[in-house]
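Note sheet for the following structure.
What follows draws every value from the coordinates through simple rules; no lab data is involved. Keep in mind that what you see is a predicted model, and the values were worked out from it rather than measured.
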Amino acid sequence: MLLALVGFALGHLAAALSSSFALVLAASVVTAPATGTFWCVGAIVATTAAGPEPRHGPWACSWEV
């Protein structure tokens, strides 16, 4: 996850500092898989950390009717 975040940051930094369209396009190609990887792994980590039990209490969100 950290590697994906580093790829994301470096791709955006390269795009921000570039003066040519080709470099912006290359940075976007590098940043796109890093972004997808980060969100996929982040979703798995978040659902694992939340656990399977429903939460009850004042801070729990209930979508049940």
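Here the Karplus curve 6.51 cos²θ - 1.76 cosθ + 1.60, taken at θ = phi - 60°, turns the phi angles of region 26-43 into couplings of 5, 5, 5, 5, 6, 6, 4, x, 5, 5, x, 5, 4, 5, 5, 5, x, 5 Hz, with x standing for Gly and Pro.
Using θ = phi - 60° in the Karplus curve 6.51 cos²θ - 1.76 cosθ + 1.60, the 3J(HN,Hα) couplings for region 6-12 round to 5, x, 4, 5, 5, x, 6 Hz; x is entered for Gly and Pro.
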